[in-house]
Each structure stands twice: as structure tokens, then as C-alpha cells.
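The values are calculated or read from the model by the stated rules, or taken from the named source; none is laboratory data. The shown structure was predicted, so the numbers you read here are calculated from the model rather than taken from an experiment. With ideal geometry, Cβ positions are generated from the backbone for all residues, glycine too; neighbour counts draw on all protein chains shown.
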Amino acid sequence: MLGATQLFRYAVKFICNNKMSDQQFGKKEVERDELYPFIESYNYITGENLSAICDGESPDFICSRSSGKKVGIELTKITGSPEAFDVLSRIYNLIENKKTKVSKYAEQVKDNMLVLQLVVGSLDSLIPFLEGLENDYTDHKFCEVWIADYSVLDAFGVVDLFGLYPKVWWGYHQPPPVSSKPYG
């Protein structure tokens, strides 16, 4: 019997019939693997039942909310130096860069979410520098903006989230409880 993760991967793979090169297909496979932990943590934190229905490029995925309303998800990695100040600078730059592209995403789906994947440093080291910046992340056209800490993904298969926008989700949110030791 297939587990939830396997069903998710197969469903997204077969629902959309995108023609792509092997390199593009490989990149999309990695993005699919990275989307599921975000959705699991997001659903746990928000009480939503977000599920992927289609993959693409602009945005990376189209998902469905519990209400049936569609939302695009754009995954973007935060790379480079793990120093908190450098990471904050890259977050600003990525949001600025992506906000110019969100109207292109809106051609596919009206509401779009930006997920900034933290792969360097850790969310724990970044949180003190985010305090008091609630109004600094509001000038864009995304319905939601999240930082997802992928630096711990390999060990536990879940991601911590920090909501940047809207204000109702501002701040650090713990992921679902882990029921096993790291690596099984």
C-alpha cells in the first residue's frame, strides 16, 4: 500500500501532463520532494487542508485549499552565507525579485504563496533578527509569504515555518510532532 508521500508524488506527477526535458523533470522531482514537508507543516499550523493538484513553472505548483480555492506556490531557495544579516538581506532581495513576477503567476491562479526555503543557517539563529519587522514584508502581491527551515529536513522530514505575511501568521510556528527518531 502506498503511503501519503508516495500518493502525493504520483498524483502530482500524473495529474498534469507537462512536456519537459530530463533536466527539467529532475528539477521538478526535487521540488515535489521539497513541497510535501512544507504542505504537511502548513496544514498542521494553519488547520488548512492544502493539497497539490498540478505542477508547473510559474508558479511551481498549483494547490487546492479546503474550500476548493486554488493557490499557487512558488518555492525559492535562500542560499549563500549562513550569517543572519546576510540571510535577511537575501530574503528582502528574493521578495523584491519575486514580486515583479507575481503578476505572471496570476495568469495561472489568482492567489499565490511564496515559500522561501532556508537551506543555509537555521531559523533559530534568524528569529531574533526578525523581531519587530512585521511591517517590512507587506509590499508585494503574494497572499502569503513563509520562511521554511529546510536545514533540518534531512533528519526529521518536517520543516519549521516562520510566517512573514499576512500578519495573522507572523512569527515562528513549530512543525507537527515527530513520531520517530531522526533517520528512522
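For the range 103-112, give me each residue that is closer than 20 Å to residue 38 by Cβ and out of contact with any Phe, Trp or Tyr (no Cβ under 6 Å at 6 or more places or on another chain). The answer is 105, 108, 109, 111.
Residues in the range 82-116 that are of a type in the set (Ser, Thr, Tyr) and farther than 27 Å from residue 131 by Cα: 103, 105. Kindly indicate whether residue 39 is aliphatic (A, V, I, L, M) and either surrounded by fewer than 19 Cβ atoms within 10 Å (Cβ to Cβ) or not in a helix (DSSP H, G or I) (or both). It is false that residue 39 is aliphatic (A, V, I, L, M) and either surrounded by fewer than 19 Cβ atoms within 10 Å (Cβ to Cβ) or not in a helix (DSSP H, G or I) (or both). Filtering 139, 55 for residues that are at pLDDT below 90, touching a strand residue (DSSP E or B) at 6+ places or on another chain (Cβ under 8 Å) and either buried (at least 20 other Cβ atoms within 10 Å of the Cβ) or over 26 Å from residue 26 (Cβ atoms) (or both) leaves a single hit, 55. Within the range 24-40, the presence of at least one residue that is at pLDDT below 80, over 18 Å from residue 119 (Cα atoms) and of a type outside the set (Phe, Trp, Tyr) is confirmed. Screening the candidates 87, 71 for the property of being over 16 Å from the mean Cα position of the chain (by Cα), modelled with pLDDT of 90 or more and not in a loop (DSSP other than H, G, I, E, B) yields one hit, 87. Flag set for residue 98, criterion: out of contact with any Gly (no Cβ under 8 Å at 6 or more places or on another chain), charged (D, E, K, R) and surrounded by 14 or more Cβ atoms within 10 Å (Cβ to Cβ).
Answer yes or no: is there a residue in the range 76-83 that is of a type in the set (S, T, N, Q), surrounded by fewer than 20 Cβ atoms within 10 Å (Cβ to Cβ) and over 15 Å from the mean Cα position of the chain (by Cα). Taking every residue of the range 76-83 in turn, at least one turns out to be of a type in the set (S, T, N, Q), surrounded by fewer than 20 Cβ atoms within 10 Å (Cβ to Cβ) and over 15 Å from the mean Cα position of the chain (by Cα). On the stretch given as the range 42-52, residues that are part of a helix (DSSP H, G or I) and surrounded by 17 or more Cβ atoms within 10 Å (Cβ to Cβ) total 3. Only one of the listed residues (78, 73) is among the aliphatic types (A, V, I, L, M), touching a helix residue (DSSP H, G or I) at 6+ places or on another chain (Cβ under 8 Å) and over 23 Å from residue 131 (Cβ atoms). That residue is 73.
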